[in-house]
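*Asks:* Encoded as structure tokens, here's the structure I'll be asking about.
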Amino acid sequence: MSVTDDQRKMIYTLNSVVSGVSLSGCCFILLMFVSFKDLRSSGFKLILVLGIIDILNCICFMIPTYNSSNGDLECQVQAALLNFSSISGILWTTIIAWSLKRVIVGTNTSIHGFINKSIIGTFILSIGFTLIPWLLNYYGTTAGWCWIKLSKKNLDGIFLRTFLFFVPLVLSIAVNFYFYMKIKKALKSMIVNYEQKAINKQLCKKLTLYPLILIICYFPYVIKQIIELTSINQEYYEYSFTIAIGILRSGHGLLNCFIYGFTGKVREKIKNVLRNFKILKGEASKISLETLHSLSSVDEVNSN
């Protein structure tokens, strides 16, 4: 590490604030799923699983490990949970892309059983990716938090990060782009009316944003990893890169919430809730005025 204790505390503070905002967004998606039965479709279940993974990721960044050592329990817990939530979140975005392709491009429109199998598969694979560094005793402190630790004398940490995180990340982005290109091509070739064509066009724009979230949130980390493979003079970029990486990774859940979670149905539910709230508020005000009028009438009678 080439950051001071004060800098580590600042990194933690910024990560905690952004993670808190992201956590609120993820909890909102969870609340929508619980509150409205008609939102509990297979498609929204995909978003719900991603939201739960993001909640875990937010909690990881809120664990105070800026004063921790490699062997401390909170450091080991943060490192393991962060590794699990990161890799499972990356894998699950690919499951979402694959599911959309099955529904739109393929002939199988039912994905309920596929989702359940995917949850189990993602969980098992993520557990495996998380256990390897733990069994090799490679979880410890890094510049801003606890994860797979690095050593200038030993490149094993870099190799573990590369093959257990960055390779799956790059592959996931590539696969996501491939699936969404197939979906967009299928949508554009559909013979539909003008209204549906406009909906498909809007969906195509949104599909482009899905893999871009991964690129935006993890691109600085990829650059930092490349620099670490080619240079040992980290003092010039460590602090600024770590802040950028921490904020983007902490904000991953919030971006997922906006891009994946705020579907047309969700926005419509929010509008209905606000509309009903205004109606109830108006009725409450009307009742209050009527009550006040009746009380004043009673006072007049008593005075007489």
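*Asks:* Report, by residue number, each residue of region 79-109 that is within 18 Å of C26 (Cβ to Cβ) and either modelled with pLDDT under 90 or not aliphatic (A, V, I, L, M) (or both).
*Replies:* Correct list: F84, S85, S86, S88, G89, W92, T93, I96.
*Asks:* Look through region 39-62, keep the residues that are free of Cβ contacts under 8 Å to residues at least 40 places away in the same chain and β-branched (V, I, T), and return whichever of them is nearest to T242 (Cα to Cα).
*Replies:* Restricting to residues being free of Cβ contacts under 8 Å to residues at least 40 places away in the same chain and β-branched (V, I, T), the top hit is I53.
*Asks:* Across region 1-15, what is the total count of residues that are crowded, with 17+ Cβ neighbours inside 10 Å and not aliphatic (A, V, I, L, M)?
*Replies:* Total meeting the criteria: 4.
*Asks:* Take region 134-169 and flag every residue that is among the charged types (D, E, K, R) and either touching a Gly at 6+ places or on another chain (Cβ under 7 Å) or under 21 Å from A244 (Cβ atoms) (or both).
*Replies:* K149, R161
*Asks:* I'd like the full set of residues that are exposed (fewer than 13 other Cβ atoms within 10 Å of the Cβ) and farther than 14 Å from T142 by Cβ, limited to region 58-74.
*Replies:* Selection gives G71, L73.
*Asks:* Another question, then. If V77 passes every condition in (1) surrounded by 21 or more Cβ atoms within 10 Å (Cβ to Cβ); (2) of a type outside the set (K, R); (3) under 19 Å from R8 (Cα atoms) but one, which one does it miss?
*Replies:* All conditions pass for V77, except number (1).
*Asks:* May I pose another question? Does I59 meet the test of being in a helix (DSSP H, G or I), β-branched (V, I, T) and either modelled with pLDDT of 95 or more or under 30 Å from I173 (Cβ atoms) (or both)?
*Replies:* Taking the combined requirement at face value, the residue satisfies it.
*Asks:* Residue pairs, Cβ under 7 Å, 6 or more apart or interchain, first in region 165-186 and of a type outside the set (G, A, S), second modelled with pLDDT under 90 and not in a helix (DSSP H, G or I). List them.
*Replies:* Once the first residue is of a type outside the set (G, A, S) and sits in region 165-186, its partners that are modelled with pLDDT under 90 and not in a helix (DSSP H, G or I) give K182/V105; I183/V105.
*Asks:* Still on this structure, please answer the following. Among (1) more than 19 Å from the chain's Cα centre (by Cα); (2) buried (at least 22 other Cβ atoms within 10 Å of the Cβ), which single condition is K269 missing?
*Replies:* Here K269 meets the rest and fails (2).
*Asks:* Please go through region 119-172 and pick out each residue that is assigned to a helix (DSSP H, G or I), farther than 17 Å from Y221 by Cβ and out of contact with any Phe, Trp or Tyr (no Cβ under 8 Å at 6 or more places or on another chain).
*Replies:* I119, I120, G121, F123, I124, L125, G128, L131, I132, W134, L135, listed by residue number.
*Asks:* Another question about this same structure. In region 79-108, what count of residues is obtained for those that are part of a loop (DSSP other than H, G, I, E, B) and under 14 Å from S172 (Cβ atoms)?
*Replies:* 0
The values are calculated or read from the model by the stated rules, or taken from the named source; none is laboratory data. Keep in mind that what you see is a predicted model, and the values were worked out from it rather than measured. All Cβ positions, even for glycine, are placed from backbone atoms using ideal geometry, and neighbour counts span all protein chains on display.
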